[in-house]
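The values are calculated or read from the model by the stated rules, or taken from the named source; none is laboratory data. Since this is a predicted model, take the numbers as computed values, not measurements. Neighbour counts run over all protein chains shown; Cβ positions are idealised from the backbone, glycine included. Quick note on the areas: whole protein, heavy atoms, side chains included, nothing else; ligands and nucleic acids left out. Shrake-Rupley method; radii C 1.70, N 1.55, O 1.52, S 1.80 Å.
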Amino acid sequence: MIPFGLHSHYSLLQSPTSCDALCKRARQLDYGAIGLTDINNLYGLWDFVNACNRHKIRPIIGAELRSNDERAFCLVKTSGGYTNLCRLVSAIRQRKTPLHTIADNRLHGLVLLTDNRNLLTRWREMELDTGAAVTGRPNQHNSDLRKLAGQLGLPSVAVADTYILAQGESEKQQILRAIAGNSSVSRLPADQRINEEKWLLSHRAYKHRYQLWPEVLHNTHAVSERCIFRQPEFGLVLPPYKDLTPREADCRLQQAALDGARQRYGSPLPKKVMKRLNYELQVIANMGFSGYFLVVRDIVRPVSRTCGRGSGAASLVSYCLSITNVCPIRHNLYFERFLNPGRTDAPDIDIDFAWDERDQVLQSVFKRYGCRCAMVSNMVTMQPRKAIRETAKVFGVPAAEINKITHRLSGFHFHHDSRGDLLPQLRNTPRLQRCSFSHPWPEILRHAQGLIGAPTTLSVHPGGVLITPLPITDYVPVQQAAKGVPIIQWDKDGAEQAGLVKIDLLGNRSLGVIRDALADVRAKGVQLDENRWLPEDDTKTRQLIKNGQTMGCFYIESPAMRLLQKKAGRGDFEHLVIHSSIIRPAANDCIRTYLRRLHGENWQPLHPLIADILAETHGIMVYQEDVSRVAVQLGFSPEEGDRLRKIMAKKDKEKQLADFQARFFQAAREKHLPKRDAESIWQMMLSFAGYSFCKPHSASYARVSFQAAYLKTHFPAEFMAAVLSNQGGFYSTFAYVSEARRMGLRIVPPDVNTSKIAWCGHGKKLQVGLMAIAGLSDATCRRIVQARNTQDGEQNFASMLDFLQRVRPDDDEARALIHAGALDRVEKTTDRSTMLYQLAWWQQSRTFAVGRLFPPRAGSPPDLPRQHPMERLRNEYRALGFLCHTHPIRLFDRQRQRLGTILAHDLNKFAAGREKITFLGWPVTGKIVGAKSGKPMEFLTFEDETAQVECTIFPDIYQKYCHLLHGSSPLLLTGIVERDFGALSLTVNHVATVVPASGAKKVVAAGFLARQ
């Protein structure tokens, strides 16, 4: 018996079985070959092939096709059959093509096993390789099917048709089916429940099952022998450039690179540039990549602002084609990190576009390349929060009770092997210690644990695009994503293993920020030539970066990055490149060593052989290519060094590292390195490689960071307006408004007569855009602007009733405009109670205003009580998410005075003696991490009207006060002011809430802060 028709968890929400578990069980049952046939997909092809190789099982590639109540198990015999299967799956996914309508030439190279009598008869008439699929026990249906097959001269073949591996997994499968059907387990239909026919049996069990029909087992071997196809073997699949031959593409690329080099460096070209350019062009031509570079150049060329990043930024050719914007010669970028003569895998080029232009770029690519283009997919898997939520739902737990658990899971990471089951890990989580986890939670969590990591749906990769020489469905099945773009059925790892070279076209909000800020500046008459713009040479910009005043600046605005800049005390480009790579998870020890050496600590290189390589980073490996370069220095070839770098970056590196480790120490002996030195170098390579960036990537990001920092330094109002208008960044709108106020900018409330849709900055003013008002639709924003910008010029709204009549907003939108203050200047009053009365009057009378030339006049409103100031502030915050005229911390001035708290900008006064202080702050952002002990702790940022304070809450204190840390109220923090390499922080040892004044209490109740 060769089991066909096996299903894995890639038959989404139908099977809980991973490919590795499937192959492991098959090996235990002594199967030498198995056929995976997930439903209408090849999602798991590479996972299955790799698992078979690990367990020494021969893979039989296939899929179970279902369409319009027709079903067939398709097994691949040849490479042509594989191509046909990809086309079939694509047709069913995209057009729901019925199986009986498929032409015979689209079914060649496949074994077609079906339990559908009509299909069996039709495919016999078409003389295809087909047979009867005998699934389950011998019964009347199977008996009739077997009889028909005999009459047609076709074989009957046993098909295992399994979804689980053993009887004990049936409950897990039923939970998946209930999740898929949005049902409870108790209401699951009978046909969705697994019976004993649906799990993988032993040879002996199948022999017993089919003892009256032994030929159905023998026929599985005959089918298996015809299925000689093991896996796709395409080689590198690169996009061709138009209809050029490889030689013509080489010549075209050479000319384009030389023309671009002259624009970058002038004419004649420096010898160093020519030497590097000729070398790169030769490598690119030898590897067949010339067309790839030209395709990327054509994608980038029409777009005004891009950021080429990743290892491709190490290429001088990329720089000369304006694919990237950082000179690899000036910044000593290592080309072999991107391409080297011995590299056999598929490198890619990453391009960032402004976030709101990226979709347009993608559409132009799809239009140009048609059926030869699709995006890479991303398999979404069940994470702990979702697994718990979905499992609890199918067990009938009320939503409110589920939320009590899941809302406290922020920062929780489930550790599969090291710390026991899910339930004890949750009980040890500080934020969940008050949860009892009484019945039925233990059972729910037991089942939820088994679902963590299970695939649930296919989504779109953030930017990976494939362009192929032939229709892409000749290589991999394609389906439509929810957002309407075509996606392949493999993720980036599957595409890479298949040799499909992708281009990453990604959206970046900071490029939109820089674009909009520059446009605003130029509109005011400031001339800035970007071809000669060198923000990294600007002294004031360097000082801003050195001081860590980079909120809003791309990639260098997080609390950790700003603290690192303050500690380093360096604002130049070269150090920012280092910091952009070194600020990675688990790098704290490395960072501290770097800072000590940066500030003058004596150090010696691990060995003179690598002294020059690591000189700029003070003897510490910072970049991914440091691994490669050190290996090459010890005698590895560039391609061997790059392979070592890739393996070290993988999570399962121990399985592949043994050979390279032996080779490394052999090379070290040949270079006469003492064993102790070689061991130290090896350990440094192991400890850092998994969390680092490559230098070209960091340099490309640093270039964008400097552009943003320059604009913040010299054009603060325009820059902050662009940051807020592009709605992106590390922080909330509330935090960016607070930062603008600290920069000396005055926040001008929204105004229906002067506000644009976006935020606007000029001089020392920052006007709130209409887009900031909650609940105001894009259509209404446009109507407001259009209504006042008529053909006769700008026609402001004369009154609130004039505004209502001309714009006709929805009732909720009108209230939001009133509460946001957008109608204050129109009515020349701050009495918003009167405006609300006028709105109510207009709502009642507007049916009589239809068709009138002039809007109706309202009578005088009655004497209404004026809105309480605190009620007004609460409503303003609800509408905007911030206050225009003050920071909400000022509402607690009495409490601060009574409690003797300090202001954030006075923290420096208490650092010398590590004094204990008390500070009242609004939470801005936080990050939960694991301490060395494994216990959770948190880094938090709080602020008042004067500055921000970075706070550290260690595990013991976090466990005690974590329930207070994630609310929307200011907190009273007591702790020790620490100075570390010149940067200040507060180590918190006590947290308390503050009882607000009666009016402020209402404001806090409104939820002043939208926590990130």
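Starting from segment 948-964, take each residue that is farther than 14 Å from I976 by Cβ and list its partners that are part of a loop (DSSP other than H, G, I, E, B) and open to solvent by less than 80 Å² (accessible area, probe 1.4 Å), counting only C-beta distances under 7 angstrom and pairs at least six apart or across chains.
Pairs that qualify, where the first residue is farther than 14 Å from I976 by Cβ and the partner is part of a loop (DSSP other than H, G, I, E, B) and open to solvent by less than 80 Å² (accessible area, probe 1.4 Å), are P955/A931.
Restricting the search to segment 888-905, which residues are free of Cβ contacts under 8 Å to residues at least 40 places away in the same chain and in a helix (DSSP H, G or I)?
D893, R896, Q897, R898, listed by residue number.
Y594 fails exactly one of the following numbered conditions: (1) open to solvent by 30 Å² or more (accessible area, probe 1.4 Å); (2) part of a helix (DSSP H, G or I); (3) not aliphatic (A, V, I, L, M). What is the number of that condition?
(1)
Anything in segment 2-61 that is free of Cβ contacts under 8 Å to residues at least 60 places away in the same chain, part of a helix (DSSP H, G or I) and under 20 Å from N84 (Cα atoms)? List them, or say none.
F48 - this is the single residue of segment 2-61 that is free of Cβ contacts under 8 Å to residues at least 60 places away in the same chain, part of a helix (DSSP H, G or I) and under 20 Å from N84 (Cα atoms).
Please go through segment 831-861 and give me each residue that is loosely packed, with under 10 Cβ neighbours inside 10 Å, modelled with pLDDT under 75 and not aromatic (F, W, Y), ordered by number.
Residues satisfying the conditions are T847, V850, G851, R852, L853, R857, G859, S860.
Hey, can you tell me all the residues within segment 510-537 that are crowded, with 17+ Cβ neighbours inside 10 Å and among the acidic types (D, E)?
D516, D520, E536
Tell me, which helices (runs of 4 or more DSSP H) wholly within segment 320-432 include 1 or more residues that are among the aromatic types (F, W, Y)?
358-369
If I ask for residues that are outside any helix (DSSP H, G or I), touching a residue at least 12 places away in the same chain (Cβ under 8 Å) and among the aliphatic types (A, V, I, L, M), which ones from segment 263-288 would you list?
M287
Can you report the number of residues in segment 205-262 which are assigned to a helix (DSSP H, G or I), open to solvent by 80 Å² or more (accessible area, probe 1.4 Å), closer than 30 Å to C320 by Cβ and without any contact (Cβ under 8 Å) to a residue 24 or more places away in the chain?
The number of residues fulfilling the criteria is 4.
Identify, from the list N908, N875, the residue that is in contact (Cβ under 8 Å) with a residue 40 or more places away in the chain and open to solvent by less than 50 Å² (accessible area, probe 1.4 Å).
Among N908, N875, only N875 is in contact (Cβ under 8 Å) with a residue 40 or more places away in the chain and open to solvent by less than 50 Å² (accessible area, probe 1.4 Å).
What single numbered condition from (1) open to solvent by 30 Å² or more (accessible area, probe 1.4 Å); (2) touching a helix residue (DSSP H, G or I) at 6+ places or on another chain (Cβ under 7 Å); (3) in a helix (DSSP H, G or I); (4) under 30 Å from T593 (Cβ atoms) fails to hold for R542?
(2)
Any residue in segment 369-381 that is crowded, with 16+ Cβ neighbours inside 10 Å, in contact with a Gly (Cβ under 8 Å, 6 or more places away or on another chain) and of a type in the set (S, T, N, Q)?
Scanning segment 369-381 turns up no residue that is crowded, with 16+ Cβ neighbours inside 10 Å, in contact with a Gly (Cβ under 8 Å, 6 or more places away or on another chain) and of a type in the set (S, T, N, Q).
What's the number of the only condition in (1) surrounded by fewer than 20 Cβ atoms within 10 Å (Cβ to Cβ); (2) in a loop (DSSP other than H, G, I, E, B) that R71 fails to meet?
Checking R71 against (1) surrounded by fewer than 20 Cβ atoms within 10 Å (Cβ to Cβ); (2) in a loop (DSSP other than H, G, I, E, B), the one that fails is (2).
Exactly one condition in (1) without any contact (Cβ under 8 Å) to a residue 40 or more places away in the chain; (2) more than 18 Å from I472 (Cβ to Cβ); (3) in a helix (DSSP H, G or I); (4) in contact with a strand residue (DSSP E or B) (Cβ under 7 Å, 6 or more places away or on another chain) is false for L119; which is it?
(1)
Mind checking which helices (runs of 4 or more DSSP H) fall wholly inside segment 664-778 and carry at least 1 residues that are among the basic types (K, R)?
In segment 664-778, the matching helices (runs of 4 or more DSSP H) lie at 675-688, 695-714, 733-742.
Within segment 666-686, is even one residue over 33 Å from the mean Cα position of the chain (by Cα), under 23 Å from R570 (Cα atoms) and not aliphatic (A, V, I, L, M)?
Within segment 666-686 (the criterion being over 33 Å from the mean Cα position of the chain (by Cα), under 23 Å from R570 (Cα atoms) and not aliphatic (A, V, I, L, M)), the answer is no, since none of the residues qualifies.
Quickly run through segment 141-164 and pick out the residues that are at positive phi and open to solvent by less than 20 Å² (accessible area, probe 1.4 Å).
D161
One residue is enough: does segment 353-362 have a residue meeting the conditions touching a strand residue (DSSP E or B) at 6+ places or on another chain (Cβ under 9 Å), touching a residue at least 12 places away in the same chain (Cβ under 8 Å) and closer than 16 Å to K695 by Cα?
Within segment 353-362, not a single residue is touching a strand residue (DSSP E or B) at 6+ places or on another chain (Cβ under 9 Å), touching a residue at least 12 places away in the same chain (Cβ under 8 Å) and closer than 16 Å to K695 by Cα.
Which of the residues that make up segment 551-570 are surrounded by fewer than 23 Cβ atoms within 10 Å (Cβ to Cβ), not aromatic (F, W, Y) and not in a helix (DSSP H, G or I)?
S558, G569, R570
Any residue at all in segment 379-393 that's touching an Asp or Glu at 6+ places or on another chain (Cβ under 6 Å), modelled with pLDDT of 90 or more and closer than 29 Å to G507 by Cα?
yes
Restricting to segment 597-656, and then to whatever is assigned to a loop (DSSP other than H, G, I, E, B) and polar (S, T, N, Q), can you tell me which residue is modelled with the highest pLDDT?
Among those that are assigned to a loop (DSSP other than H, G, I, E, B) and polar (S, T, N, Q), it is N602.
In this structure, is E574 assigned to a helix (DSSP H, G or I), over 27 Å from the mean Cα position of the chain (by Cα) and at pLDDT 90 or above?
Criteria met by E574.
Among the candidates G5, G32, G80, which residue alone is at positive phi, at pLDDT 95 or above and more than 28 Å from the chain's Cα centre (by Cα)?
Matching residue, one of G5, G32, G80: G5.
Suppose we filter segment 486-504 for residues that are open to solvent by less than 10 Å² (accessible area, probe 1.4 Å) and assigned to a loop (DSSP other than H, G, I, E, B); how many remain?
Summing the residues that are open to solvent by less than 10 Å² (accessible area, probe 1.4 Å) and assigned to a loop (DSSP other than H, G, I, E, B) in segment 486-504 gives 4.
Inspect all residues belonging to segment 289-309 and state whether any of them is under 18 Å from F338 (Cβ atoms), open to solvent by 60 Å² or more (accessible area, probe 1.4 Å) and touching a residue at least 40 places away in the same chain (Cβ under 8 Å).
Checked segment 289-309: no residue is under 18 Å from F338 (Cβ atoms), open to solvent by 60 Å² or more (accessible area, probe 1.4 Å) and touching a residue at least 40 places away in the same chain (Cβ under 8 Å).
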